[in-house]
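The values are calculated or read from the model by the stated rules, or taken from the named source; none is laboratory data. Since the structure is predicted, the reported quantities are computational estimates derived from the model, not experimental observations. Quick reminder, even Gly has a Cβ in these numbers, built from the backbone with ideal geometry, and neighbours come from all protein chains shown.
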Amino acid sequence: MPAELNLDYSLLTPEFALAGLAAIVLGIDLFAPKVRKEWLPYITALGLVGIIALSFGWLEKESDFAGIIFIDNYTMFFRVFFMATAAVVALMSAQYVRQHLKNPGEYYALLIISTIGAIYMAASRELLTAYISLEVLSFSLYVLVSFARDDARSNEGGLKYMLLGAFASALFLYGLSLIYGSAGTTFYSEISAAYAGGTEGFDLGLLMGLILVLAGLGFKVAAVPFHMWTPDAYEGAPLPITAYLSATSKVAGFALLLRLFSGAFMPVIDDWQWIIAALAALTMVLGNLVALQQSNIKRLLAYSSIGQVGYMLMAIAALSSATSSALLLHMSGYVVTNLAAFSCIIAWYNLTEKDDIVDMRGMAERAPLLAAVLTAALFSLSGMPLFAGFFTKFILFQAVASEGFIWLAVIAVVMSFVSLYYYLMVIKQLYMSEPEEEGRLQVPVMVTGLTVALAIGVFYVGLYPRHLLEVAEEATKLLFV
């Protein structure tokens, strides 16, 4: 523990502002019922954008709060990342919540509160702080997944997610206790120093602790074999929350994994590297192969996201400065792409009340813009050139191969080709099948603007990735000092 604690609460101002925004949203919902559904998503998104601007006051500053929360460019990257994601999801939720859900104030407030947990997962430099942050995110997501109380699928998905999540949290906490027992501290830097002197005498406890920590975090990011909750939670959750799960939930898990393993466990990399490499291979193969059999678009994207987790785990297995920056770049491209895909799927569902793949036939005739953006997003997820996914995968696979994991990179390339098949099956329905009903669908102006903006993001990352890569390199630079 640091000799002198820095209790400068101003370092946490953006998170205090987020908590205040959540309270404001709840207050508006309580005291202004006439406008609560119409204005809450826009108030939430506007507030988040304002707090993003506020956060830039800590750019290029490096400090810590009580030795447990570290404010640096890595934290700054994820502050902006998670708040921007929440703002987009809030806007995507506007029409869906108005049509399908009750209690919008609680919905948007939980979205904001979960963002606080995600940010502190990236910023934590101490095990218990990381665990509490993880639980703040998890408990918010348990409620959000089951938020459609009148939908049996939502109740089932939320219950499975909560029960398995509680079990995974227990494994994670027990793993942390074993790490504490072997290292004698919960601070990342001190754990690293303890292991740097050798692990003779407690190597079994360390190995068991690492396995349990990986099991707990493997559940949070949906790595095989801890992925069982994912398809049911994705299918049962309200569609915007499915998008949020695929973005913030996974990226927060990897933000914690990257900070934890680079900051605490690098001296014992030989003890855990092979475990994560095996998890990455299994996750890529199973996620992409099972996706071939899906008929519901949410379940297909659930297994697709599991496959994407396998690609991301490769960067942790081959942990280095190069793979870390490549991971941040890939996660950024993946989230922009996934949000673009879900913005189209949500808009289509709002207009048709259908989410099976076969029900999307003829989208190109009835909603050509949605079909075009969804096609671009699916091509990006598969790694086709010109789109975000091609360049981010190329950089990631190259970085992993350069660290000696050529076999993992080969599996990743093969699985990317497999994924192209099931994405093309969706695109076939959009363009080559007759629509179930005739007539153009009227897409709201705000939805059109959001969808176009996300599509531009997909092409921007694919065609001009240099700036984002430089930001990612700057964010991860201090992890390996």
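Some points to look at:
- Residues in segment 350-365 that are within 19 Å of residue 300 (Cα to Cα), charged (D, E, K, R) and surrounded by 17 or more Cβ atoms within 10 Å (Cβ to Cβ): 3 in all.
- Candidate set: segment 174-198, residues that are polar (S, T, N, Q) and under 15 Å from residue 67 (Cβ atoms); chosen: the one surrounded by the fewest Cβ atoms within 10 Å (Cβ to Cβ): 189
- Pair list, Cβ < 6 Å and 6+ apart or interchain, from segment 452-481 residues that are among the charged types (D, E, K, R) to residues that are at pLDDT 90 or above: 473/325
- For the criterion of being of a type in the set (A, V, I, L, M, F, W, C), in contact with a helix residue (DSSP H, G or I) (Cβ under 7 Å, 6 or more places away or on another chain) and closer than 15 Å to residue 335 by Cα, residue 450 passes.
- For segment 217-228, the count of residues that are crowded, with 21+ Cβ neighbours inside 10 Å, farther than 25 Å from residue 79 by Cα and in contact (Cβ under 8 Å) with a residue 60 or more places away in the chain is at least one.
- Counting only helices (runs of 4 or more DSSP H) that sit wholly inside segment 86-196, those with at least 1 residues that are at pLDDT below 90 and closer than 24 Å to residue 259 by Cβ are 152-183, 188-196.
- Flag for residue 380 being touching a Gly at 6+ places or on another chain (Cβ under 9 Å), surrounded by fewer than 23 Cβ atoms within 10 Å (Cβ to Cβ) and polar (S, T, N, Q): no
- Annotation: of all residues in segment 331-382 being outside any helix (DSSP H, G or I) and free of Cβ contacts under 8 Å to residues at least 40 places away in the same chain, the one that is farthest from residue 293 (Cα to Cα) is 353.
- Of all residue pairs spaced 6 or more apart or on separate chains, those with beta-carbon atoms under 9 Å, a first member in segment 11-24 that is on the phi < 0 side of the Ramachandran plot and a second member that is outside any helix (DSSP H, G or I) and of a type in the set (D, E, K, R) are 11/61; 11/64.
- Options 316, 306, 297; residue that is within 21 Å of the chain's Cα centre (by Cα), surrounded by 24 or more Cβ atoms within 10 Å (Cβ to Cβ), within 23 Å of residue 346 (Cα to Cα) and modelled with pLDDT of 90 or more: 306
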